[in-house]
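Everything on this sheet refers to the single structure shown next.
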Amino acid sequence: MRRAVTFLKTLLLAAMLVAGPAALAPALAQNPIQADGVNPMGARPTADSVNEEFLFKQKDTITGRVSIPDGKSAYLIQPQGREYQSFREGWLPWIGALAILGMIAALGAFFMFRGRIKMEHSQESGKKILRFNAFERFTHWMTATCFIILSLSGLNYIFGKRLLMPLIGPDAFGTLAQWAKYSHIYLAWPFMLGVAFMFVLWIKDNIPNKIDIAWLKAGGGLIGKGHPHAARFNAGQKGVFWMVAGFGAAMSVTGLMMIFPFALTDINGMQLMQVVHSVIGIAFIAGILAHIYIGSLGMEGAYDAMGSGKVDLAWARAHHDLWVEQEQARTASGPQLKGHPAPAE
C-alpha cells in the first residue's frame, strides 16, 4: 500500500513539473523576460520611468507641484542652473584668482622696474595749492571705504569656504559670512550714492580730448622721463573715472536685482545677474588696485590730494601743469595757500 501511495505522489509531482511550464507558456510568450530588466508581468521600469531628456525637449524646466503662494519653489531643475553651478564652482574662482593675483604681481613687477615716482623739487616746493575740497574728499572716502568692505565681503562669497573655513572652522565662518552679507547689502546704498556724487562732481573734468592722446603716447610720466601736459585729470585718471562710473552703474543695477530678487526677471535672469555682478566686481577690484598703487606707494605726493586736499605746487606743476595755469589765472593770486619751503631730501 505504501509503495502504491509513493508511486502516485511521484507520478503527480512529475505531471505538475511537466504541465506547469506549459500552462505559463502563453503569458511568457506575451511578456518574455529580457536582459533589459523587464519582469514576467510586463513592467518596464527603465522605459516607463521619467526621461529627463524627453522632459527638457518638451519644456526647458522640470517642475513639481506646490501648495504655497510662491510658485518659483516648484522648480526642481533647469539646464541653466547646471551651467550656473559649473561657472560658480569652477570658472569663477579661477577668474578671480588670476585677475586679482595677476594685477598684484604686475604692480609688484612694475615697482621693481620703475620704483617710486619721486617728487621733483623746485622754487615752488613747499607752497600748496588746493586740489580737492572737503565735499569732494568726503565723497571719495565714503565711496572708497564702502568699496573696500563690499570687495572683501564679495570675495568671501567666492573664496571664503575654500580659504577661510578650513582655518577658522564652520561655526566662525558661518557667523562671519552672515555679517559679510549684511555689510554687502547695507553698504551698497552709500556706495551707489557716492558713485552718483562722483559722476556729477567730476564729469566736466573727465571728457577725453587730444591732450589725453599725447599723454598716453608719452607714457604718462610712468614710463620714460618727463611729464606730459595734463589738465586737472590726466588720461589715466580719466580712465579710472569712467571705470568707476561704468562698473559702478553695472554693479548697482545687478546688485539691486539681487537685493529685490525676481522683481523684474525669472530664475534664469537672476543667475545671469549674479554672473555679471561677480565678473564685473572682479575686474573692478583689479582696476582699483592699480589706482590705489599710484595714489599711495607708486607716486610721492599723490596721496596728499585726497588726504589734506592740498598738494605741493611743484608736484602739481609737474603732473597737472595746465590745471595749475588755469587755477592761477582764475584766482589771479597764485596758489591759495603758501607754506614753508620743503626740507631737502
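Computed values, structure above
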quantity: Residues being surrounded by fewer than 16 Cβ atoms within 10 Å (Cβ to Cβ) and under 36 Å from the mean Cα position of the chain (by Cα) - total across region 113-129; calculated: 5
quantity: Output for region 292-311, where each listed residue is out of contact with any Lys or Arg (no Cβ under 8 Å at 6 or more places or on another chain) and of a type in the set (Lys, Arg); calculated: none
quantity: Test: residue in region 152-175 that is under 30 Å from residue 320 (Cα atoms) and either modelled with pLDDT of 95 or more or open to solvent by 50 Å² or more (accessible area, probe 1.4 Å) (or both); calculated: no
quantity: Unmet requirement for residue 132, which otherwise passes all of (1) within 30 Å of residue 200 (Cα to Cα); (2) in contact with a Gly (Cβ under 8 Å, 6 or more places away or on another chain); (3) in a helix (DSSP H, G or I); (4) among the aromatic types (Phe, Trp, Tyr); calculated: (3)
quantity: Residues of region 160-186 that turn out to be in contact (Cβ under 8 Å) with a residue 40 or more places away in the chain and in contact with a Lys or Arg (Cβ under 8 Å, 6 or more places away or on another chain), as a count; calculated: 0
quantity: From 185, 223, 207, 211, residue being part of a helix (DSSP H, G or I), open to solvent by 20 Å² or more (accessible area, probe 1.4 Å), over 30 Å from residue 155 (Cβ atoms) and of a type in the set (Val, Ile, Thr); calculated: 211
quantity: Qualifying residue in region 237-250 (condition: surrounded by 14 or more Cβ atoms within 10 Å (Cβ to Cβ), part of a loop (DSSP other than H, G, I, E, B) and hydrophobic (A, V, I, L, M, F, W, C)); calculated: no
quantity: Residues satisfying the stated conditions in region 208-256, i.e. within 18 Å of residue 320 (Cβ to Cβ), free of Cβ contacts under 8 Å to residues at least 24 places away in the same chain and within 28 Å of the chain's Cα centre (by Cα); calculated: 239
quantity: Cross-chain or 6+ apart pairs with Cβ under 6 Å, region 278-301 first and closer than 14 Å to residue 147 by Cα and at pLDDT 95 or above, then of a type in the set (S, T, N, Q) and part of a helix (DSSP H, G or I); calculated: 285/151
quantity: Considering residues of region 75-116 that are touching a residue at least 60 places away in the same chain (Cβ under 8 Å) and not in a helix (DSSP H, G or I) only, the residue nearest to residue 287 (Cα to Cα); calculated: 116
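The values are calculated or read from the model by the stated rules, or taken from the named source; none is laboratory data. What you see is a predicted model, and the numbers here were worked out from it, not measured in a lab. With ideal geometry, Cβ positions are generated from the backbone for all residues, glycine too; neighbour counts draw on all protein chains shown. Side chains included, ligands, DNA and RNA excluded: accessible areas come from the protein's heavy atoms. Shrake-Rupley method; radii C 1.70, N 1.55, O 1.52, S 1.80 Å.
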